[in-house]
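K.L.:
Please read through the structure below; I'll follow up with questions.
The values are calculated or read from the model by the stated rules, or taken from the named source; none is laboratory data. Note that this is a predicted model, so its numbers are computed, not measured. Quick reminder, even Gly has a Cβ in these numbers, built from the backbone with ideal geometry, and neighbours come from all protein chains shown. All accessible areas refer to the heavy atoms of the entire protein, side chains included, with ligands and DNA or RNA removed. Shrake-Rupley method; radii C 1.70, N 1.55, O 1.52, S 1.80 Å.
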Amino acid sequence: GGKGEGSHMKLTEAEGKTFLNQAGIITPEFFVLNKDQDFPSKLKFPLILKAQTLSGKRGKAGLVKEAADKDELEFGSQQIWKANYEKRPFTEILYEPKVEAAREYYVSIAYDQILKSPVFILSKFGGMDIEVVAKRQPEGIIKVPVSILEGVSDINWVKCFNEVGVKEELHQELSTLLTKLYQLFQETD
């Protein structure tokens with residue numbers, strides 16, 4: 001990924017998922033192709049196709065497609081390659097299996113300038129447009145400060161997960177995942 005404003009690294013989705021996988025956070029298996037590369041011989045459908053651009057709102061710009069078979073895959077890929085969003089050309093498309101989610105949540109870690117510490121941002125409103133959720137339903141988002149000294153060890157995950165409506169049987173797995181995410185955040189910024 002290219003360097004953005006200040007010292008923050010900007011990553012495509014594929015680059016971000018590679019970091020997550022290296023940190024032991026499992027993502028759907030994906031592959032990335034440029035315009036000249038052929039599709040692998042064995043494919044599992046349905047697939048999601050996503051242009052690897054740093055621009056946001058890819059779905060609304062026609063840069064995300066779904067393919068149920070090889071014909072739709074070729075057609076969808078051609079449509080994405082023809083698109084040129086906000087004058088930011090892209091050189092790769094990410095292909096991954098479509099995942100049916102029972103429920104989607106949002107999680108991120110950001111450095112809070114006011115608190116002078118990292119903060120987990122969690123929401124029961126997962127998927128896209130978290131900025132809209134923040135404006136329309138700010139009560140649907142919780143912010144959890146992380147102690148620079150203690151790390152995640154002093155966070156009451158049960159309280160956090162209950163606030164965003166995560167089922168109890170997922171608490172242990174999710175706290176492990178968020179611990180790995182925090183380690184990745186610390187190691188790579």
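K.L.:
If the viscosity is 1.567 mPa s and the temperature 4 °C, what Stokes-Einstein diffusion coefficient in µm²/s follows for region 103-157 when Rh is the Kirkwood radius over Cα pairs?
P.N.:
108 µm²/s
K.L.:
If you don't mind, another one. Net charge near W157: determine it from the other residues with C-beta under 14 Å of the C-beta of W157, scoring Lys and Arg +1 and Asp and Glu -1. Let's see the in-between values first.
P.N.:
On the way: positive: K159, K167, K180; negative: E150, D154, E163, E168, E169, E173.
Local net charge: -3.
K.L.:
How large is the direction-averaged shadow of the alpha-carbon convex hull of region 42-153, in nm²?
P.N.:
So the Cα hull casts an average projection of 10.2 nm².
K.L.:
Give the long-range amide H neighbours of S117: residues separated by 5 or more places, or on another chain, with amide H under 5 Å away, using H modelled in the peptide plane at 1.01 Å from N.
P.N.:
Close amide H contacts, sequence-distant or interchain: D112.
K.L.:
In the chain, if every C-alpha pair distance is counted and binned at 5 Å from zero, what percent goes to each bin?
P.N.:
Bins of 5 Å from zero give 1, 6, 13, 16, 18, 17, 13, 9, 5, 2, 0 percent of pairs.
K.L.:
OK, next. Take V158 and S55, extend 7 Å from each Cα along the Cα→Cβ direction, and tell me the distance between the two endpoints in nm.
P.N.:
Output for this residue pair reads 4.8 nm.
K.L.:
Take every Cα pair under 8 Å in region 63-133 that's 6+ residues apart, average their separations, divide by the length, and report that relative contact order as a whole percent.
P.N.:
Values: 54 pairs, mean separation 14.4, N = 71.
Here the relative contact order equals 20 percent.
K.L.:
Can you tally the net charge around E139? Count Lys and Arg as +1, Asp and Glu as -1, for every other residue whose Cβ sits under 13 Å from the Cβ of E139.
P.N.:
Details: positive: K124, K135, R136, K143; negative: E163.
Within the 13 Å Cβ shell, the charges total +3.
K.L.:
Counting helices only, and only those DSSP H runs with n ≥ 4, report the 222 nm mean residue ellipticity of the chain as the sum of -39,500 (n - 2.57) divided by its residues, in deg cm²/dmol to the nearest 500.
P.N.:
Theoretical 222 nm ellipticity from helices: -9000 deg cm²/dmol.
K.L.:
For the chain, with a Gaussian network of springs between Cα atoms less than 10 Å apart, report the residue from I155, I114, I26 with the top mean-square fluctuation.
P.N.:
I114
K.L.:
Let me ask you something else. For region 55-104, what is the convex hull volume of the alpha-carbon atoms per residue, in Å³?
P.N.:
92 Å³
K.L.:
Can you tell me, using C-alpha contacts under 8 Å and at least 6 residues apart, the relative contact order of region 67-189 as a whole percent? Please report the intermediate quantities before stating the final value.
P.N.:
Values: 104 pairs, mean separation 19.5, N = 123.
Computed value for region 67-189: 16 percent relative contact order.
K.L.:
Hey, what do the phi angles of region 160-177 turn into as Karplus ³J(HN,Hα) couplings, whole Hz, using 6.51/-1.76/1.60 and θ = phi - 60°, x for Gly and Pro?
P.N.:
4, 5, 5, 5, 9, x, 7, 4, 4, 5, 9, 4, 5, 4, 6, 5, 5, 4
K.L.:
Still on this structure: Can you give the accessible area of V107, probe radius 1.4 Å, in Å² rounded to 10?
P.N.:
60 Å²
K.L.:
Running a GNM on the chain with Cα contacts under 10 Å, which residue among P138, P28, P40 ends up with the highest mean-square fluctuation?
P.N.:
P40
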